[in-house]
Structures are given as structure tokens and as C-alpha cells.
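> Here's a structure for you.
The values are calculated or read from the model by the stated rules, or taken from the named source; none is laboratory data. In this text the structure is predicted, and so the values were computed from the model without any measurement. Cβ coordinates were reconstructed from backbone atoms using ideal geometry, including for glycine residues, and neighbour counts include every protein chain displayed. Accessible surface is based on the protein model in full, side chains and every heavy atom, while ligands, DNA and RNA are left aside. Shrake-Rupley method; radii C 1.70, N 1.55, O 1.52, S 1.80 Å.
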Amino acid sequence: MPGTKGFVREITLPQVHDARGDLTFIEGGTHVPFTIQRVYYLYNVPVDSERGGHAHRELEQVIFALSGSFRVKIDDGYDTSEYWLRDPRRGLYMSRLVWREIDSFSQGAVCMVLASHHYDETDYFRDYSEFRAAVAQ
Ligand code: TYD
């Protein structure tokens, strides 16, 4: 049913640029379409590491490369796409029901994630076939 299909979209944040450097800010509900309840970040990531490999029942997230770069592979249960994040101003919004895998980390990459809810393991689909079954419902 189309109503249960997840989606992604790119988000560009404001930038205040002057001779002292660049400043970017994020306001929950304004620059990201939810109230931010959690922030987490990945760092010290080995370049051959693969992260993600799951989807969420309800959680919405926006992912940024604060430093360095990495690839985000997206699967909504119907179509696949991939995004390279490398600009700290540009994030990828992921709705619920989006299977994501993150790899090809550059040396020293920092991946920051804004999330709509606190951590809850019961919100995860960690099994791909379970995810596919939920999307098809
Ligand atoms: P996981 O979401 O599987 O990481 P990734 O998607 O980056 O591969 O989480 C890895 C571990 O960290 C897992 O044991 C759950 C724990 N964790 C928390 O305790 N709180 C959090 O906010 C997150 C994102 C993970």
C-alpha cells in the first residue's frame, strides 16, 4: 500500500559565512520536519566499516557528514538509491520504513544523526525480510 512506503529527501541547512569561518544551525521543527529528541554521532569509524543495516517502525532521522564523507544506501522496499554525504550543510532526511546501509567512510569521517525519538530497540527492523513484509502490508 503506498501509504506505508518510506521516503528520503535531501535537506540544505542555512550557512553564515564570514572571514572567521562558516556557521550552520539546525532548529527542530524548522530545518528538520520533527522535534529533535536525540542526537548521536559515529566517529573513529574504520574506513571498511558497514553501519546501519536496519529500518525503523516510527523513527525519523536526518543524517549529516559533519566531517569527511560516506555513502548511504537506501531501500524503501520497492526502489533503491544511494547518496554520498560530504557537505556539513547537506543532510539526508529518512522517514520511517527506510532500510539504510552506510559504508565507504573516509578517514576521520564524523556522521551526526538527528532523531525524532529516544533510542528504542523495539522500533528497529533488523531483519530485512521482516521489513519487506511490513512495507507490503
Ligand atoms: P545501531 O543503531 O545498530 O548502529 P548503526 O546503525 O550505526 O550501525 O546501534 C549500535 C549499538 O548502539 C546498539 O547496541 C544500540 C546502541 N545505541 C544506543 O544505545 N543508543 C542510540 O541512540 C543508538 C543509535 C544506538
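> Can you tell me which of (1) more than 16 Å from the ligand (Cβ to nearest atom); (2) open to solvent by 70 Å² or more (accessible area, probe 1.4 Å); (3) more than 13 Å from the chain's Cα centre (by Cα) is the one E58 doesn't meet?
Of (1) more than 16 Å from the ligand (Cβ to nearest atom); (2) open to solvent by 70 Å² or more (accessible area, probe 1.4 Å); (3) more than 13 Å from the chain's Cα centre (by Cα), only one is false for E58: (1).
> Sticking with this one: Consider G29 carefully, then state whether it is on the phi > 0 side of the Ramachandran plot and either among the hydroxyl-bearing types (S, T, Y) or open to solvent by less than 30 Å² (accessible area, probe 1.4 Å) (or both).
Values: on the phi > 0 side of the Ramachandran plot: yes; either among the hydroxyl-bearing types (S, T, Y) or open to solvent by less than 30 Å² (accessible area, probe 1.4 Å) (or both): no.
Against the criterion (on the phi > 0 side of the Ramachandran plot and either among the hydroxyl-bearing types (S, T, Y) or open to solvent by less than 30 Å² (accessible area, probe 1.4 Å) (or both)), G29 does not qualify.
> Does E50 count as out of contact with any Asp or Glu (no Cβ under 8 Å at 6 or more places or on another chain) and charged (D, E, K, R)? Can you show your working first?
Values: out of contact with any Asp or Glu (no Cβ under 8 Å at 6 or more places or on another chain): no; charged (D, E, K, R): yes.
No.
> Working carefully through the options Y128, Y124, find the one that is over 23 Å from T24 (Cβ atoms), within 16 Å of the ligand (Cβ to nearest atom) and exposed (fewer than 15 other Cβ atoms within 10 Å of the Cβ). Break it down into steps so the answer makes sense when it comes.
Details: Y124 fails: exposed (fewer than 15 other Cβ atoms within 10 Å of the Cβ).
When all the criteria are applied, what remains is Y128.
> Can you work out which of the residues in the stretch 95-121 that are open to solvent by 30 Å² or more (accessible area, probe 1.4 Å) and polar (S, T, N, Q) is farthest from the ligand (Cβ to nearest atom)?
Checking each candidate, the answer is Q107.
> Which condition number in (1) open to solvent by 70 Å² or more (accessible area, probe 1.4 Å); (2) within 24 Å of H118 (Cα to Cα) is the one that D48 fails?
(2)
> Can G68 be described as open to solvent by less than 40 Å² (accessible area, probe 1.4 Å), touching a residue at least 60 places away in the same chain (Cβ under 8 Å) and at positive phi? Talk me through it step by step, then tell me what you get.
Details: open to solvent by less than 40 Å² (accessible area, probe 1.4 Å): yes; touching a residue at least 60 places away in the same chain (Cβ under 8 Å): no; at positive phi: yes.
For G68, the condition - open to solvent by less than 40 Å² (accessible area, probe 1.4 Å), touching a residue at least 60 places away in the same chain (Cβ under 8 Å) and at positive phi - is not met.
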